[in-house]
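K.L.:
Submitted below is the structure of interest, expressed as structure tokens.
The values are calculated or read from the model by the stated rules, or taken from the named source; none is laboratory data. Just so we're clear, the structure is a prediction, and the values are computed from it rather than from any experiment. Here the Cβ is made from the backbone with ideal geometry for all residues, glycine too, and neighbour counts use every protein chain on show.
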Amino acid sequence: MTSGNATVIRLIDVVLNLLFGFISISEISSRSVLQLPKSTQMAYVYPDKEDLLVIGITPTGRFLVEDETKVIDEFSTLKAYIENKKAANLKNRIETRVRIRSNWNTPIKYTLAVANLCDALQIPKGVDVILESKN
């Protein structure tokens, strides 16, 4: 490499070092308020209120409600619980939804019984199955 090429490379190194030095000491975080665009075609609509009932089902056919803190042993008691929740939500104009969660080793008859109850009460439902044990 000739002496002229080496000088140019050294000058490029010096310029890049100065550039990175100025970038590192300069304040980049200037804060500004962003005004997001708003629709002029359609008024804003708040999402519908809803109450999601999560019903856990154990392998022995027991039902867990209220964040799995309350245990219901009888299906008829669960039916009354869901009907009462739906009636209370109707008074407050809140839609009721049910999430059915069963363990991998729970007999399907319990899950289907709750799903059929939701269909009979015209409550939207979803089913989750935990596929493996936590042992």
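K.L.:
Tally the residues that are exposed (fewer than 14 other Cβ atoms within 10 Å of the Cβ) and under 18 Å from Gly56 (Cβ atoms), restricting the search to the stretch 89-99. So that I can check it myself, show each step before the final result.
P.N.:
Of all residues in the stretch 89-99, those exposed (fewer than 14 other Cβ atoms within 10 Å of the Cβ) come to 90-93.
Checking the rest, the ones that are also under 18 Å from Gly56 (Cβ atoms) come to none.
Adding up the residues that qualify gives 0.
K.L.:
Of all residues in the stretch 91-104, which are modelled with pLDDT of 90 or more, out of contact with any Leu (no Cβ under 8 Å at 6 or more places or on another chain) and more than 12 Å from Lys49 (Cα to Cα)?
P.N.:
Of everything in the stretch 91-104, those that are modelled with pLDDT of 90 or more, out of contact with any Leu (no Cβ under 8 Å at 6 or more places or on another chain) and more than 12 Å from Lys49 (Cα to Cα) turn out to be Lys91, Ile100, Arg101, Ser102.
K.L.:
A follow-up question, please. Within the bounds of the stretch 91-103, is there any residue that is in contact with a Phe, Trp or Tyr (Cβ under 7 Å, 6 or more places away or on another chain) and part of a helix (DSSP H, G or I)?
P.N.:
So far as the stretch 91-103 goes, no, none of its residues is in contact with a Phe, Trp or Tyr (Cβ under 7 Å, 6 or more places away or on another chain) and part of a helix (DSSP H, G or I).
K.L.:
Do we find that Lys86 is surrounded by 16 or more Cβ atoms within 10 Å (Cβ to Cβ), under 26 Å from Pro47 (Cβ atoms) and of a type outside the set (S, T, N, Q) in this structure?
P.N.:
Criteria met by Lys86.
K.L.:
Of everything in the stretch 55-68, what is part of a loop (DSSP other than H, G, I, E, B) and modelled with pLDDT of 90 or more? Give them in sequence order.
P.N.:
First, the residues of the stretch 55-68 that are part of a loop (DSSP other than H, G, I, E, B): 58-62, 66-68.
Thr58, Pro59, Thr60, Gly61, Arg62, Glu66 - these are the residues of the stretch 55-68 that are part of a loop (DSSP other than H, G, I, E, B) and modelled with pLDDT of 90 or more.
K.L.:
Can you name every residue in the stretch 61-72 that is surrounded by 11 or more Cβ atoms within 10 Å (Cβ to Cβ) and without any contact (Cβ under 8 Å) to a residue 12 or more places away in the chain?
P.N.:
Correct list: Arg62, Leu64, Glu66, Val71, Ile72.
K.L.:
Only one residue in Leu18, Leu78, Leu52 is touching a Leu at 6+ places or on another chain (Cβ under 9 Å) and modelled with pLDDT of 80 or more. Which one? Before the answer, list the steps.
P.N.:
Values: Leu18 fails: touching a Leu at 6+ places or on another chain (Cβ under 9 Å); Leu52 fails: touching a Leu at 6+ places or on another chain (Cβ under 9 Å).
Checking each option against the conditions leaves just Leu78.
K.L.:
Here's something else I'd like to know. Quick check: anything in the stretch 95-108 of a type outside the set (S, T, N, Q) and touching a Gly at 6+ places or on another chain (Cβ under 6 Å)?
P.N.:
Looking for residues that are of a type outside the set (S, T, N, Q) and touching a Gly at 6+ places or on another chain (Cβ under 6 Å), one finds at least one in the stretch 95-108, hence yes.
K.L.:
Could you tell me whether any residue of the stretch 106-118 is assigned to a strand (DSSP E or B), of a type in the set (Ser, Thr, Tyr) and surrounded by 14 or more Cβ atoms within 10 Å (Cβ to Cβ)?
P.N.:
No, that holds for no residue.
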